[in-house]
Amino acid sequence: MMDWTDRHCRVFHRLMTRRARLYTEMLTTGAIIHGDRRRLLGFDACEHPVALQLGGSDPRDLATAAKIGEAFGYEEVNLNVGCPSDRVQDGRFGACLMAEPALVAECVHAMKRAVDIPVTVKCRIGIDDQDPEIALDALARGVIAAGADALIVHARKAWLSGLSPKQNRDVPPLDYDIVYRLKAALPDMPIIINGGIGNLGEAKAHLRFVDGVMLGRAAYQEPWRLLGADPELFGEAAPHPTMKHVFEAMVPYIESELAQGTRLHSITRHFVGAFHGVPGARAFRRHLAENGVRSGAGVDVLRDAIALVEDRVVAPIAA
Ligand SMILES: Cc1cc2nc3c(=O)[nH]c(=O)nc-3n(C[C@H](O)[C@H](O)[C@H](O)COP(=O)(O)O)c2cc1C
């Protein structure tokens, strides 16, 4: 998620679930091809399995960027056909590509030829005045014919004029049924549903109709929910029993990053929702906010913040 997630966040999330697939924020082909690749694409080995999301609409550039991502060790490359920001529309990629299913298929085809890792697409159900029944079907059938390995559908339209990107994540109504119907019509294609899924109980309910569930804001804002993912969705033990154990496991990574010049706050900013609803959570947040930004702040700041909260075992799935 652009401006929110980064590699530090993914390390944190990986300590709560071994099985969930993590995605990078969208990176444009231009940035990857011409920018500082190590900074943009580098990630810690513990993050696997991790997918690289690309923004672009030039098949050749997408193929090049996908190849670079594969060489960096990503397990999957995903094409963004859902981002509604103006910046993205100017570049003719993101959600506006819902109007160009043939071009999206061409992009997927070029990426598939370039790499051996799975190529997937994340889309909306339509844009503006499109009939979503037609638009989603056309996009899905095009990318399947081009060899896409899975389709992630954010189950609402993007309205490209008049709404901000933030509004475009809340205002157009969710339509989960259209995603379920798509899966029923295309049983061999892995379909992953996204949008407004607030907890693992809801995720489980969707899994009766589709192959996978993607959590965006719930995972970021209330990351503790991820501790339930492996037991509830994969039938395996959680990597750690409580959030306090997660943070203890995070310390060596933080120390190694601090030694390389990363500032504590760049990592701890992702911890804001870690103890959501737990007594002491506010004191934890305040301690990190006040002390984590000081120059030279070290792991003691985190340890002191953690000491302010009660710990508890993973919450029930629908909590
Ligand atoms: C701050 C922010 C940045 C986002 N950036 C991306 C992005 O880079 N790529 C993408 O596919 N979706 C992005 N999204 C959309 C989410 O992935 C997701 O589709 C959307 O928030 C709906 O799912 P949710 O209700 O689970 O959050 C972003 C969302 C937010 C809140």
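Any read-out appearing in this document is the output of simple, stated calculations on the displayed coordinates, not a laboratory observation. Every value quoted in this text rests on a predicted model; they were computed, and no experiment measured them. Here the Cβ positions follow ideal geometry from the backbone for every residue, glycine too, while neighbour counts run over all protein chains shown.
Details
- Tally of residues being of a type in the set (Gly, Ala, Ser), part of a loop (DSSP other than H, G, I, E, B) and surrounded by fewer than 16 Cβ atoms within 10 Å (Cβ to Cβ) across region 277-288: 1
- Test: Arg282 is without any contact (Cβ under 8 Å) to a residue 24 or more places away in the chain, under 30 Å from Leu182 (Cβ atoms) and not aliphatic (A, V, I, L, M): no
One line per residue, one yes/no per condition, for (1) β-branched (Val, Ile, Thr); (2) within 15 Å of the ligand (Cβ to nearest atom):
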{"residue": "Arg10", "(1), (2)": "no, yes"}
{"residue": "Leu15", "(1), (2)": "no, no"}
{"residue": "Leu41", "(1), (2)": "no, yes"}
{"residue": "Val50", "(1), (2)": "yes, yes"}
{"residue": "Gly55", "(1), (2)": "no, yes"}
{"residue": "Arg60", "(1), (2)": "no, no"}
{"residue": "Ala65", "(1), (2)": "no, yes"}
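- When each of Gly228, Gly273, Gly216, Gly198 is tested for being within 30 Å of Cys83 (Cα to Cα), out of contact with any Leu (no Cβ under 6 Å at 6 or more places or on another chain) and in contact (Cβ under 8 Å) with a residue 60 or more places away in the chain, the lone residue that passes is Gly216.
- Within region 19-34, considering residues that are over 15 Å from the mean Cα position of the chain (by Cα) and either more than 16 Å from the ligand (Cβ to nearest atom) or hydroxyl-bearing (Ser, Thr, Tyr) (or both), the one nearest to Ala219 (Cα to Cα): Thr28
- Some residue of region 264-276 being polar (S, T, N, Q) and surrounded by fewer than 20 Cβ atoms within 10 Å (Cβ to Cβ): yes
- Lone qualifier among Ala185, Ala148 - being small (Gly, Ala, Ser), touching a helix residue (DSSP H, G or I) at 6+ places or on another chain (Cβ under 9 Å) and surrounded by fewer than 24 Cβ atoms within 10 Å (Cβ to Cβ): Ala185
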